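So the structure is just underneath, and the comments pick up after that.
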């Protein structure tokens, strides 16, 4: 058995089927006595040139060890699947298991996006807490204002109830 690197492009409208396709093709390789050393889903990427008036595709990479017959069966499966726009198979001298640079970049981008989402959630939570705190302060100041107004009316009533003192005449 030889080592191969297989890249295939999936129509962007069929992206939700990619996990099933990966599973199906991996099973085909393993049924043929081969093994999958590395599987990478690079996601949707811009094509270098349009294929069938399509400008983006979903990229998948396999590094496999298979027999020639199984490889031919895999390539035949690619040809008869309308969702697969292109495929390319290259012979490798040895199995490649480490993560590719493209996939590393994809993982970094995903991590940056997750961090950005976390920051947004934190900012939103802080804003909500600030609003809740402000509304509590407003309620408290309204309560204080009502209490102050009641105290003023009580004081005015107390002043009104006091008898007036006669003015002292100057001699």
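Restricting attention to region 82-91, does a residue exist that is assigned by TED's automatic domain parsing to the domain that holds residue 27 and free of Cβ contacts under 8 Å to residues at least 40 places away in the same chain? Checking region 82-91: not a single residue is assigned by TED's automatic domain parsing to the domain that holds residue 27 and free of Cβ contacts under 8 Å to residues at least 40 places away in the same chain. Against the numbered list (1) under 17 Å from residue 78 (Cα atoms); (2) touching a helix residue (DSSP H, G or I) at 6+ places or on another chain (Cβ under 9 Å); (3) surrounded by fewer than 17 Cβ atoms within 10 Å (Cβ to Cβ), residue 12 comes up short only at (2). Against the test of being over 28 Å from the mean Cα position of the chain (by Cα) and part of a strand (DSSP E or B), the options 6, 64 yield a single qualifying residue, 64. Checking every residue in region 89-101 against the condition of being surrounded by 15 or more Cβ atoms within 10 Å (Cβ to Cβ) and more than 22 Å from residue 2 (Cα to Cα) gives zero matches. Taking the criterion of being under 18 Å from residue 15 (Cβ atoms) and in contact with a helix residue (DSSP H, G or I) (Cβ under 8 Å, 6 or more places away or on another chain), the residues of region 60-85 that qualify are 60, 61, 62, 81, 83, 84. Of the residues making up region 76-88, those that are in a helix (DSSP H, G or I) and either loosely packed, with under 15 Cβ neighbours inside 10 Å or on the phi > 0 side of the Ramachandran plot (or both) are 76, 79, 80.
Do the conditions hold for residue 120, that is, is it within 22 Å of residue 11 (Cβ to Cβ) and within 20 Å of the chain's Cα centre (by Cα)? It is false that residue 120 is within 22 Å of residue 11 (Cβ to Cβ) and within 20 Å of the chain's Cα centre (by Cα). What is the one condition in (1) without any contact (Cβ under 8 Å) to a residue 60 or more places away in the chain; (2) more than 19 Å from residue 26 (Cα to Cα) that residue 73 does not satisfy? Among (1) without any contact (Cβ under 8 Å) to a residue 60 or more places away in the chain; (2) more than 19 Å from residue 26 (Cα to Cα), residue 73 violates only (2).
For region 14-33, the count of residues that are at pLDDT 90 or above and part of a strand (DSSP E or B) is zero. Only residues that are buried (at least 17 other Cβ atoms within 10 Å of the Cβ), under 23 Å from residue 91 (Cβ atoms) and free of Cβ contacts under 8 Å to residues at least 60 places away in the same chain were counted in region 33-60, giving 4.
The values are calculated or read from the model by the stated rules, or taken from the named source; none is laboratory data. Predicted model, so just to flag it, every value in this text is computed and none were measured. Heads up, the Cβs are rebuilt from the backbone with ideal geometry, glycines too, and the neighbour counts pull from every protein chain shown.
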